[in-house]
Each structure stands twice: as structure tokens, then as C-alpha cells.
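All remarks here apply to the structure that follows.
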Amino acid sequence: MKVALYARVSTRKQTNENQMDKLISFAEARGYEYVQYQDVVSGKNKNRPALDYMTEAAKHHEFDRIIATKIDRLGRSVIHLNEFFNLMEKYGVIIEMTDQPIDTSTPIGKFTRNILGSVAELERELIRERTLDGLNRTRANGTKLGRSTKSLSVYHVDKIKCLLQENPDISNAELASHFEGISRNTLIKLAREAGLIK
């Protein structure tokens, strides 16, 4: 079996060495063939070079399983983690942690995966409620909510590029479904204006 070993630290003052040593030992003890992916970036940042390369490799079935030490190495946002798990499920790639009872090929792992999905949905609803509360407060304070010249943020542009790289045939509706706080029509309109989609 070929596996991907993923390690991440948040700053250059830290090192991936301890994580990777543990992952290599884990893989070699099971006779796995492996390839290494390492990032030095905050887990809150969804766009991580090694994670992006690994995602692309998973799409092309270059390995069967991703192994990390803990789930927070893959990301700290529940929504982003849920999106990543969904994508790996689509590609037929199992996710396993060496230090936590997470293995998406087992019943317990699938249960954990379902909990992750439920928490992500709750987080989306809470974000939506906070956004609506903020708009209502703004209106109550007498501030006029009018149209302004809009453009995509760097985050939106990077995320669109990443999603298109992962799935070039993604529909505009599905692309827009990955974004919170911006309507589907607005996102598609601005993405077209920016030349990101047709």
C-alpha cells in the first residue's frame, strides 16, 4: 500500500522532524510505501502548498491513505476539515491519525467523520446567524446598507483557484456552495469579472 505522510507546524521556529519520524516509523512498521508532505503554515490557513500538492496527488490516485499524527495537523477549522474529508472520501482515500482513534475505514472512524460533518454544519449556521445579527445591528444604528463596488478578496480568489485546480469541471453552483457570507450570484459575477471562470 502507498500512503501519504503529512506533517505541519505553524512557524519556522518549529520543526516537522518529530512528527515525520513518528509517521515514517508507523509506515515502515506496516510495510507501507510512502511519500512525504510537509507544511510550515498556520492550520487556520486553508491554502497550504504541501496540502494542496497532496490533494492533487489524491485526485490522481497516487496513494491510498493519508496519515498524520493528529487531526489538527490537517487543519483547525471544522468547516475546512469537513471539506477536506469530503474530498478525500470522493477520491477514495482513507485518512488515519497515529495519535488519535481516527481511521475513516473503520466504524469508529466513520462515526468521528460524521460528527465532524455535523459540527461543521453547526459552525456554518452560527456564522450565518452572526452575520444576520450584525446586519440587523447596523440597520438599527441607522446605517444605510447600500450597494458598494465589490471585488473578491485575496482569500476568495485563492480558494476559487484551489477548488478549480481540485476539480476543473466543478459547476458554478457547486463552486459557490463552498463560500459563506457571499451570495452565489455575487460570487459567480465577481469571479467572471476577475476572469477566474467563464
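The values are calculated or read from the model by the stated rules, or taken from the named source; none is laboratory data. Quantities reported herein were computed from a predicted structural model and do not represent experimental measurements. Heads up, the Cβs are rebuilt from the backbone with ideal geometry, glycines too, and the neighbour counts pull from every protein chain shown.
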Pull up region 1-39, narrow it to residues that are under 21 Å from the mean Cα position of the chain (by Cα) and assigned to a loop (DSSP other than H, G, I, E, B), then point me to the one that is modelled with the highest pLDDT. Asn16
For region 40-88, give me the residue count where each residue is modelled with pLDDT of 90 or more, closer than 16 Å to Met20 by Cα and not in a loop (DSSP other than H, G, I, E, B). 7
Ile170 passes all but one of the listed conditions (1) modelled with pLDDT of 80 or more; (2) within 28 Å of Gln19 (Cβ to Cβ); the exception is number (2)
Failed criterion for Arg76 (all others in (1) touching a helix residue (DSSP H, G or I) at 6+ places or on another chain (Cβ under 8 Å); (2) under 24 Å from Ile115 (Cβ atoms) hold): (1)
Which residues, taken from region 160-181, are surrounded by 15 or more Cβ atoms within 10 Å (Cβ to Cβ) and part of a helix (DSSP H, G or I)? Ile160, Cys162, Leu163, Leu164, Glu166, Asn172, Leu175, Ala176
